[in-house]
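All remarks here apply to the structure that follows.
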Amino acid sequence: MANQVGTLYGVGIGTGDPELITLKGLRILQRSPVVTFPAGVGNQQGTAEAIVASYLRAEQIRVSITFPYTQDEAVLSEAWQAGAAQVWHYLSQGQDVVFVSEGDVSFYSTFTYLAQTLQRQHSEVKVETIPGICSPLAAAAALGIPLTIRHQKLAILPALYTVSELETALRWAEVVVLMKVSSVYPQVWKILEQHQLLGRSYVVERATSQHQKIHSDLINCPTLELPYFSILIIHVEA
């Protein structure tokens, strides 16, 4: 008789503070025999693994999956297929697998590609997602400001791909969030200067983590050395 296929759980674990994981996410994390996470850079511990490390049991199997930082679709597809093969090894034996992801698993998360690849290859795979706190919410909390109020319209843009669309968003949204702004910050700064929005813009590095850093005065900061996990919030409406 064939083994019953295990369930793949995508668990959003928040943005850095280990206490931001949900009770449900923690329960599923701790009961699952296999825990997977994005590999760190240069054989270092990855961010997601570091967040949940204190919750894991010694007997749980830990599997790091490499997802390269590139826009090359062929390279990415190969990585997703390799990751899917790693996860299928355990699922096919009837073991449940948890993939832990920074923020929320449905919000610009690598988990989506991993799960979709697995389901294309093995239609019998069951996938369940447990939501987590995503970075715009965490950054607003770190700043001590509401993200939106009353009638305000919110635009969220992946900055690396949509710098050209920022000016359009500034015309119709009262609040604009740029995800992972580090690589395009100088261009974004110039646009904000042109629109006189530097005084109402904020950058949060690694929100809620022990390395969190806030930049709330961007007028004198045309260049910043920002880490990958940096987010910019613009309050277009005063």
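Nothing in this text is a laboratory measurement; each read-out follows from the coordinates by a stated rule. What you see is a predicted model, and the numbers here were worked out from it, not measured in a lab. A quick note on method: Cβ atoms are made from the backbone with ideal geometry, for glycine too, and the neighbour counts reach across all protein chains shown.
Of the residues that sit in the range 29-49 and are out of contact with any helix residue (DSSP H, G or I) (no Cβ under 8 Å at 6 or more places or on another chain) and surrounded by fewer than 17 Cβ atoms within 10 Å (Cβ to Cβ), which one is nearest to Val204 (Cα to Cα)?
Only one residue tops the list, namely Val41.
Hey, could you check the range 47-63 for residues that are over 16 Å from Val87 (Cβ atoms) and of a type outside the set (Val, Ile, Thr) and say which is nearest to the chain's Cα centre (by Cα)?
Checked the range 47-63; the qualifying residue nearest to the chain's Cα centre (by Cα) is Ala50.
Name the residue, out of Ser106, Ser123, that is closer than 30 Å to Tyr9 by Cα, in contact with a Ser or Thr (Cβ under 9 Å, 6 or more places away or on another chain) and either assigned to a loop (DSSP other than H, G, I, E, B) or of a type in the set (Phe, Trp, Tyr) (or both). Steps first, please.
Numbers: Ser123 fails: in contact with a Ser or Thr (Cβ under 9 Å, 6 or more places away or on another chain).
Just a single option satisfies the conditions, and that option is Ser106.
Scan the range 86-105 for residues that are in contact with a helix residue (DSSP H, G or I) (Cβ under 7 Å, 6 or more places away or on another chain) and either surrounded by 20 or more Cβ atoms within 10 Å (Cβ to Cβ) or closer than 19 Å to Arg31 by Cβ (or both) and jot them down.
Val87, Val97, Val98, Phe99, Val100, Ser101, Glu102, Gly103, Val105
Could you tell me how many of the residues in the range 203-235 are part of a loop (DSSP other than H, G, I, E, B), of a type in the set (D, E, K, R) and in contact with a Lys or Arg (Cβ under 9 Å, 6 or more places away or on another chain)?
The total comes to 1.
Of the residues Gln152, Gln187, which single one is surrounded by fewer than 16 Cβ atoms within 10 Å (Cβ to Cβ), in a loop (DSSP other than H, G, I, E, B) and at negative phi?
Gln152
So which residues in the range 106-141 are surrounded by fewer than 22 Cβ atoms within 10 Å (Cβ to Cβ) and small (Gly, Ala, Ser)?
Hits for the range 106-141 are Ser106, Ser109, Ser123, Ala140, Ala141.
Please pick out the residue among Gly83, Gly16 that is touching a helix residue (DSSP H, G or I) at 6+ places or on another chain (Cβ under 8 Å), within 18 Å of Cys134 (Cβ to Cβ) and not in a strand (DSSP E or B).
Going through Gly83, Gly16 in turn, just one is touching a helix residue (DSSP H, G or I) at 6+ places or on another chain (Cβ under 8 Å), within 18 Å of Cys134 (Cβ to Cβ) and not in a strand (DSSP E or B): Gly16.
Mind listing whichever residues of the range 160-174 are touching a Lys or Arg at 6+ places or on another chain (Cβ under 9 Å) and assigned to a helix (DSSP H, G or I)?
Once the filter is applied, which keeps residues that are touching a Lys or Arg at 6+ places or on another chain (Cβ under 9 Å) and assigned to a helix (DSSP H, G or I), the range 160-174 yields Leu160, Trp172.
Please tell me if Gln119 is free of Cβ contacts under 8 Å to residues at least 12 places away in the same chain and under 22 Å from Gln4 (Cα atoms).
yes
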